[in-house]
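First up is the structure itself, then whatever we jot down about it.
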Amino acid sequence: MMKAFIQKTLLFTVFLCSFTVFGQNPKLTVSGYVKDVKNGEGLVGASVYVKELSSGNSTNIYGFYSITVPAGKYTIVFSSVGYQKISKTVDLSLTNQTLNLEMKEEGKELEEVVVNAKREDDNVKSLEMSVNKIDIKAIKKIPALLGEVDLVRAIQLLPGVTTVGEGASGFNVRGGGVDQNLVLLDDAPVYNSSHLFGFFSVFNPDAVKDVKLIKGGIPSQYGGRASSILDVRLKEGNSKQLEINGGIGAIFSRISIEAPIIKDKASFIVAARRSYIDVLAKPFLTGNNADTQFSFYDLTAKVNYNIDQKNTVFLSGYFGRDIFGNQFGFNWGNTTLSARWNHIFSNKLFLKTTAFYSNYDYLLDSDLANKRPDNAFKWTSNILNYSFKPDFTYYITPDNTLTFGGQVLTYGFRPGDAVATSQGEKRSFGQAPKDGIEYSAYIGDEWKVSPKFSFQAGVRFSRYDFSSQEEFYYERVPVPVSADFTSGYTLKFIPNDKGKTLKTYQNFEPRLALNFTTGENSSVKASYNRMAQYIHLMSNTAASTPLDVWTSSTNNIKPQLVDQVALGYFKNFNDNAYETSIETYYKTMDNQIDYADRANLFLNPFFEKDLLFGKGRAYGVELFVKKNKGKFTGWVSYTLQKSERLIEPLNNSDWYPSRYDRTHTLNVVGQYELNKKWSFGANFAYVTGVPYSLPIQQFQIEGKAYPLTPVGTRGNLRVPDYNRLDISATKKNKKALFKKGESEWVFSVYNLYNRRNPFSIYTRPTEDDPTKTEAVRLSIIGSFVPAVTYNFKF
């Protein structure tokens, strides 16, 4: 009842706001782009403030702004963190005006300047809560594994963000699974954000422009995942001059080239990385190891063309691959391609139209070197997307902005196509392909009602159609639960008309965010959002792996539905030098998935009978303190949280901790600028261990003990706590390569005090007495890891 009431109230509010503002009398508008003078990149979130009216707004992700005011003359102040303020007098007495400008960075001696395209008090004044933005320059100063800058590892230092262990793929947000995070690269989804089994991310830092993590209060233009949005935007390329960035590290090297095609009108960027452990090790590999392959590479590219004042087109893409194995091995990778058209219909109406392609695939092959084709096994899998998405922004007044749009997104699931060859005879088997189409439409209104109160209300409608190309589809039928604890279901085969829609799901997803200003530098914020997720990652292991299977919502698998409320207090100190916040959240999760004991997901065409469904909940408190100015900068984040599931008949039909539950998470990040030549960084992480199911019984066969976990047991113990300290020192050089540009040496030590942090615990028979079992702690990185990296720019 309460959810239905909230949905109807928000629908009424959004449409009332939109009809009210559209009915106002015409006014005059000033609009344009705000860009960086050095490279022509649009500044995201720069403040555009009308002095006489004490109001304004900010630029969008392309640096575009629009302000509509009564006729007259005005002083407009443009500002952004790390840039010099610009004041312009604009005459709007007779007609609309276009005002484009470029901003210069501030210059300060011996003081750290954080260049970030946003307002200094953005965390207090904006409607955004449960949102973290990290400038890419700040990310580059965080000590990292083997000295390599990593975007995904950086966001794991933020409140509410964890991972199940060292080297695990992906990340977890507020008690959700890795599949509940929508990772976007220029609007295209990335299904596996990791290289090398989670040790490095797929994002080349030299190509990244903007990073935003949204954990709550999610605007209505986003959908498709239950927990969070990681929105990564690529640079457009330097439109002023040739720029080359790169780095030579211990494990891989990278390079990016950006330059104008037509100065101030068209530009491009191309960035590439490749690891070379395999190249360095090859001379030492002999015999059966001679053909061993272990490497990764990626290529990121983007081009843009400013056709005229009203039209700009963009084309961006990513291609990455990991290869691992000897004669038996596997490889996996992401491919994305995004095409975008930005069009200004008028000074008040902005359109962004995006079409994208995304493909994540992997291959498991017993004959990588193709030496035994008559006796081999090969497994291929992929998930494929095509999408078309128009997004409109209507700037009604400086205090009121309307957004609306829609999306058509197709899914092609090929979860497992295997071919086994024995003495030349081939046999094919695997899981049936599935297809889905997700339709969505949204509308949202952001309105600053008064100097002390503003809100954002919106609603998203989504519809999902599931279909299959197989001759049969399956329906779960209850059966008695067996002693070895199957799910209690079997499958009934039903003839299928190929391509026919077998199941349709529809959901309204209301969104609401409120901001109450309580002082010049403080505010209270609240938010609510409902998210619907129609795809699922099938994995019954503690950590996600590249070989986990993505599947569709079907007639047997319902979409995940998550409702989240959050409340927070935000306050800045000392002229915004310090920003602080405390947030609390509570979210409920419907249609959560777990697995019957001994469930087989590997190429099992009937895996749906082994699924168990129930509900979840997660709640917690997040503290965040950040220092933005001065020679010493950094932040402290702390999260106290609980993440649980209730899925009958697991754990005696009682609540149990999810695989992602970590009670305490503490991160401390510090960066110190000693002088123009030397700077230092350090970060410390402490996390409560994850739950795991430890066998508490054993049985013996022929005098050898084997561990036994009681059926239905979930999370009866925890892995020991995790803690780690990393440090780095950066030495800037006067010149870079060929005595031009800039360069620096980065010296780092990961896991400074050599702690063997546990990833998991398993049991096995003891070597001395096979009638007894022992628990063994597995560590992925069991020692300190020093590294040296050389970075250059010219």
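The values are calculated or read from the model by the stated rules, or taken from the named source; none is laboratory data. Treat the numbers as computed from the prediction; the structure is a model and nothing was measured. Using ideal geometry, Cβ is built from the backbone for each residue, glycine included, and neighbour counts are taken over all protein chains shown. When the accessible area is computed, the model is the full protein with side chains, heavy atoms only, and any ligands, DNA or RNA have been set aside. Shrake-Rupley method; radii C 1.70, N 1.55, O 1.52, S 1.80 Å.
Key figures
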read-out: Region 620-640: number of residues that are without any contact (Cβ under 8 Å) to a residue 40 or more places away in the chain and either more than 26 Å from L674 (Cβ to Cβ) or in contact with a Pro (Cβ under 7 Å, 6 or more places away or on another chain) (or both); value: 2
read-out: Total residues in region 493-515, condition part of a strand (DSSP E or B), open to solvent by less than 70 Å² (accessible area, probe 1.4 Å) and either modelled with pLDDT under 90 or outside the structural domain of V459 (by TED's automatic domain parsing) (or both); value: 1
read-out: Qualifying residue in region 434-441 (condition: aliphatic (A, V, I, L, M) and either open to solvent by less than 20 Å² (accessible area, probe 1.4 Å) or outside the structural domain of T504 (by TED's automatic domain parsing) (or both)); value: no
read-out: Pick from region 48-79, criterion polar (S, T, N, Q) and outside any strand (DSSP E or B), ranking: least open to solvent (accessible area, probe 1.4 Å); value: T59
read-out: Lone unmet requirement of (1) surrounded by fewer than 20 Cβ atoms within 10 Å (Cβ to Cβ); (2) farther than 17 Å from N60 by Cβ for S381; value: (1)
read-out: Region 141-186 - residue that is of a type in the set (K, R) and farther than 23 Å from A532 by Cα and, of those, nearest to the chain's Cα centre (by Cα); value: R153
read-out: Members of region 361-390 found to be out of contact with any Asp or Glu (no Cβ under 9 Å at 6 or more places or on another chain) and either over 30 Å from P605 (Cβ atoms) or at pLDDT 95 or above (or both), listed by number; value: N385, Y386, F388, P390
read-out: Some residue of region 426-433 being among the hydrophobic types (A, V, I, L, M, F, W, C), closer than 17 Å to Y534 by Cβ and crowded, with 17+ Cβ neighbours inside 10 Å; value: no
read-out: One residue from P510, P546, P495 being under 20 Å from N600 (Cα atoms) and not charged (D, E, K, R); value: P546
read-out: Residue list for region 565-598, restricted to those being within 17 Å of D179 (Cβ to Cβ) and either open to solvent by less than 20 Å² (accessible area, probe 1.4 Å) or out of contact with any strand residue (DSSP E or B) (no Cβ under 8 Å at 6 or more places or on another chain) (or both); value: K587, M589, Q592, Y595
read-out: Residues satisfying the stated conditions in region 599-613, i.e. surrounded by fewer than 18 Cβ atoms within 10 Å (Cβ to Cβ) and assigned to a strand (DSSP E or B); value: F613
read-out: Considering residues of region 533-564 that are more than 21 Å from V183 (Cβ to Cβ) and charged (D, E, K, R) only, the residue nearest to the chain's Cα centre (by Cα); value: D563
read-out: Qualifying residues in region 520-534 (those that are among the polar types (S, T, N, Q) and either touching a His at 6+ places or on another chain (Cβ under 6 Å) or buried (at least 24 other Cβ atoms within 10 Å of the Cβ) (or both)) - the one farthest from V621 (Cα to Cα); value: Q533
read-out: Every residue from region 749-779 that is surrounded by 17 or more Cβ atoms within 10 Å (Cβ to Cβ) and assigned to a loop (DSSP other than H, G, I, E, B); value: N751, L752, N757
read-out: Any hit, region 137-144, residues being surrounded by fewer than 22 Cβ atoms within 10 Å (Cβ to Cβ) and β-branched (V, I, T); value: yes
read-out: Filtered residues of region 742-794 (kept if touching a helix residue (DSSP H, G or I) at 6+ places or on another chain (Cβ under 7 Å) and under 13 Å from G147 (Cα atoms)); value: V746, S748, Y750, V785, A787, V788, T789
read-out: Of all residues making up region 234-286, the number that are part of a loop (DSSP other than H, G, I, E, B), closer than 16 Å to G741 by Cα and either at pLDDT 95 or above or open to solvent by less than 60 Å² (accessible area, probe 1.4 Å) (or both); value: 2
read-out: Cβ pairs under 6 Å, 6+ apart, first in region 582-600 and among the charged types (D, E, K, R), second part of a strand (DSSP E or B) and open to solvent by 40 Å² or more (accessible area, probe 1.4 Å); value: D590/K615
read-out: Scan of region 500-513 for residues that are over 24 Å from the mean Cα position of the chain (by Cα) and either closer than 16 Å to A566 by Cα or among the β-branched types (V, I, T) (or both), ordered by number; value: T501, T504
read-out: Residues (more than 21 Å from the chain's Cα centre (by Cα), assigned to a strand (DSSP E or B) and among the β-branched types (V, I, T)) located in region 637-669; value: V668
read-out: Evaluation of F197 against (1) crowded, with 22+ Cβ neighbours inside 10 Å; (2) not in a strand (DSSP E or B) (one fails), failing number; value: (1)
read-out: Of the criteria (1) over 27 Å from V449 (Cβ atoms); (2) at pLDDT 85 or above; (3) surrounded by fewer than 22 Cβ atoms within 10 Å (Cβ to Cβ), which one Y83 fails; value: (3)
read-out: Selection from region 726-748 of residues that are open to solvent by 50 Å² or more (accessible area, probe 1.4 Å), within 20 Å of F680 (Cα to Cα) and of a type in the set (A, V, I, L, M, F, W, C); value: I727, W745, F747
read-out: Out of T401, T335, T354, T393, sole residue that is at pLDDT 90 or above, closer than 29 Å to N192 by Cβ and open to solvent by 20 Å² or more (accessible area, probe 1.4 Å); value: T335
